[in-house]
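Visitor: So that we are looking at the same thing, I have put the structure below in structure tokens.
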Amino acid sequence: MGTSLKDKAERKAYWFILPSIICMLIVHFIPIIWGVYISFLDLDIYTLAQWTSAPFVGLGNFIRIFSGKVAVGQKFMRSVYTVIVYGLITIPVGYVIGLLVALLLNRNFVGRTFVRGIILLPYITPDSVAYNVWRFIFQARIGLVNKYLLQLGLIKEPLIWLVGKRALTAVIIASIWKGWPFACLILLAGLQGIPPELYEAARIDGASPWQQFTHVTFPLLLPVTKTLLVLNVIWNFHAFNQFYILLGGSPGDAHVPSTFIMQEAFSNLHYGLGSAMSVVLMVIVLIMTVIALRIKRGASHEF
């Protein structure tokens, strides 16, 4: 009798999750399969009307995007290089700022709860709002950055920030401002999980504040740090909003894979190439996700 009731409960549970499974198929898995299929076709504006008879090119699209002899391959590899540089700067800087602020907020002072809420404002501000504000700040003639740089005598004439070689710098600054509160929030949660008795024992042993940080705080924050850094690597590798909002649909040398895929597929109408690049990006992010899960599993064991 008990087994029968258990079977009924399990069947009922399957019926409850069936709508979610159907939605996942429609929203995620079918489009992924469709995108992989398109990546093997020479599908563009000329063959879109009869896509079922579009030429099958096999790995031709993938060979083109990894070839340095064709323009699309050079630009795609350049976009990968750009997003790596972007991540190598924004992730460490955002982590250091977040850690310093988290250490301050972990202390007892008047108004601590209010300050904790205030620092989250950059992170919870919608991307469309935050990056449009930064776009105004970096304007060449009326932007605040050039205004203060001119007042301080650091430059003699307004700089162009959102086009050319300084575009990536502008995106990096805006992204660090937008992202460090998340690192602060996660690290603050990790700090609050460290037993106070460890610091008391370290002080009794004569440890300085720096020694307490290096031998107690930082080692116990490593599990949280590992997970945070890997998640940031995943998010930064498919960065899109900050580049598109700040620089527009054609950021030139500041293309990252997501913006270049959008331009190639929906502006240049090379759907096969765009799908091939999307598949490559998906595989990279999938590998990062597997690494993140393994690190998270290891971190949970450490706790």
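Visitor: Report yes if ALA167 is touching a Pro at 6+ places or on another chain (Cβ under 7 Å) and over 30 Å from VAL230 (Cα atoms), otherwise no.
Guide: Details: touching a Pro at 6+ places or on another chain (Cβ under 7 Å): yes; over 30 Å from VAL230 (Cα atoms): no.
When the stated conditions are applied, ALA167 does not pass them.
Visitor: Further question on the same structure: Conditions: (1) touching a Leu at 6+ places or on another chain (Cβ under 8 Å); (2) part of a helix (DSSP H, G or I); (3) touching a residue at least 40 places away in the same chain (Cβ under 8 Å). LEU162 meets all but one. Number of the miss?
Guide: Checking LEU162 against (1) touching a Leu at 6+ places or on another chain (Cβ under 8 Å); (2) part of a helix (DSSP H, G or I); (3) touching a residue at least 40 places away in the same chain (Cβ under 8 Å), the one that fails is (2).
Visitor: Quick check, is ILE91 out of contact with any Ser or Thr (no Cβ under 9 Å at 6 or more places or on another chain), part of a helix (DSSP H, G or I) and touching a residue at least 12 places away in the same chain (Cβ under 8 Å)?
Guide: Values: out of contact with any Ser or Thr (no Cβ under 9 Å at 6 or more places or on another chain): yes; part of a helix (DSSP H, G or I): yes; touching a residue at least 12 places away in the same chain (Cβ under 8 Å): yes.
Yes: the conditions hold for ILE91.
Visitor: Taking interchain pairs and intrachain pairs at least six residues apart, which have beta carbon atoms under 8 angstrom, with the first residue in segment 52-77 and among the β-branched types (Val, Ile, Thr) and the second in a loop (DSSP other than H, G, I, E, B)?
Guide: VAL57/PHE40; VAL57/ASP42
Visitor: Here's something else I'd like to know. Exactly one of (1) under 27 Å from the mean Cα position of the chain (by Cα); (2) among the aliphatic types (A, V, I, L, M); (3) in a loop (DSSP other than H, G, I, E, B) is unmet by VAL171. Its number?
Guide: Going through the list (1) under 27 Å from the mean Cα position of the chain (by Cα); (2) among the aliphatic types (A, V, I, L, M); (3) in a loop (DSSP other than H, G, I, E, B), VAL171 breaks only (3).
Residue-wise test of (1) on the phi > 0 side of the Ramachandran plot; (2) without any contact (Cβ under 8 Å) to a residue 40 or more places away in the chain.
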residue	(1), (2)
TYR95	no, no
THR113	no, yes
GLN139	no, yes
GLY153	yes, yes
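Visitor: Suppose the filter is outside any helix (DSSP H, G or I) and not hydrophobic (A, V, I, L, M, F, W, C); does ASN146 pass it?
Guide: Numbers: outside any helix (DSSP H, G or I): no; not hydrophobic (A, V, I, L, M, F, W, C): yes.
The answer is no for ASN146.
Visitor: Only residues that are of a type in the set (S, T, N, Q) and either without any contact (Cβ under 8 Å) to a residue 40 or more places away in the chain or buried (at least 17 other Cβ atoms within 10 Å of the Cβ) (or both): list them for segment 238-275, please.
Guide: The answer is GLN242, SER250, SER258, THR259, GLN263, SER267, ASN268, SER275.
Visitor: Name the pairs whose Cβ atoms lie under 8 Å apart, with the first residue in segment 28-48 and within 20 Å of ASN268 (Cα to Cα) and without any contact (Cβ under 8 Å) to a residue 40 or more places away in the chain, the second of a type outside the set (S, T, N, Q) and part of a loop (DSSP other than H, G, I, E, B), and 6 or more positions between them or separate chains?
Guide: Close Cβ pairs satisfying both conditions: THR47/ALA54; THR47/PRO55.
Visitor: Further question on the same structure: Is it the case that some residue within segment 136-157 is aliphatic (A, V, I, L, M), closer than 21 Å to VAL83 by Cα and modelled with pLDDT under 90?
Guide: Checked segment 136-157: no residue is aliphatic (A, V, I, L, M), closer than 21 Å to VAL83 by Cα and modelled with pLDDT under 90.
Visitor: Being more than 21 Å from GLN242 (Cβ to Cβ), hydrophobic (A, V, I, L, M, F, W, C) and surrounded by fewer than 16 Cβ atoms within 10 Å (Cβ to Cβ) narrows it down to one of LEU221, LEU188, LEU198, so name that one.
Guide: When all the criteria are applied, what remains is LEU198.
Visitor: Let me ask something else. Could you count how many residues in segment 188-213 are in a helix (DSSP H, G or I) and farther than 16 Å from ARG112 by Cα? Let's see the steps before the verdict.
Guide: Step one: list which residues in segment 188-213 are in a helix (DSSP H, G or I), which gives 188-192, 196-204, 209-213.
Checking the rest, the ones that are also farther than 16 Å from ARG112 by Cα come to 190, 196-204, 209-213.
Total satisfying the criteria: 15.
Visitor: Another question, if that's okay. Filter segment 94-140 down to the residues that are closer than 24 Å to LEU220 by Cα and among the aromatic types (Phe, Trp, Tyr), then identify the one that is surrounded by the fewest Cβ atoms within 10 Å (Cβ to Cβ).
Guide: Of everything passing the filter in segment 94-140, PHE109 is surrounded by the fewest Cβ atoms within 10 Å (Cβ to Cβ).
The values are calculated or read from the model by the stated rules, or taken from the named source; none is laboratory data. These numbers were taken from a predicted model, which means no experiment stands behind them. Cβ sites come from the backbone with ideal geometry, for glycine too, and all protein chains shown count toward neighbours.
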